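A short worksheet on the structure shown next.
Quick note: the coordinates plus some simple rules give every number you see, no bench work behind them. In this text the structure is predicted, and so the values were computed from the model without any measurement. We place every Cβ from the backbone using ideal geometry, glycine too, and count neighbours over all the protein chains shown.
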């Protein structure tokens, strides 16, 4: 199995045990995060994203993600699944694509969007 795929699978195992906080241990300190659940915000460091995650409870937000597939592509991995975000009395439930870019075995960039084309654009990658 591709090393990057193994890291992503380990990251999802950590997510299932620890929630969003669990995924951060797989990323470099200077990783860039563009999560769909942040409504267009970009986080320039893992610590900045950690702070956003820590504040979710105070904003009465709950994020629940489900893994469907993991596919390696050069220096990045494309993950498909579903994302349910609950906030302010509303629930958004949609298909989701996450793109993780690596440096060695550490994630240095993650973007997510409901459509592959949008996730690729956030990651500044060309469609295959």
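Per the Kirkwood formula applied to alpha carbons, the range 17-65 shows a radius of gyration over Rh ratio, Rg over Rh, of 0.93.
Between residue 88 and residue 41, what's the calculated FRET efficiency when r is the beta-carbon distance and R0 is 22 Å? Round to 0.05. E(calc), rounded to 0.05, equals 0.85.
Computed from the C-beta positions of residue 2 and residue 115, the FRET efficiency with R₀ = 25 Å rounds to 0.55. By the helix-only formula, in which each DSSP H run with n ≥ 4 contributes -39500 (n - 2.57) and the sum is divided by residues, the chain has a 222 nm mean residue ellipticity of -8000 deg cm²/dmol. For mean projected area of the Cα convex hull in nm², the value calculated from this model appears in [x] 7.2; [y] 8.0; [z] 7.6 under label [x]. Along its three principal directions, the equivalent ellipsoid of the range 50-119 from the Cα gyration tensor extends over semi-axes of 25, 16, 9 Å, largest first.
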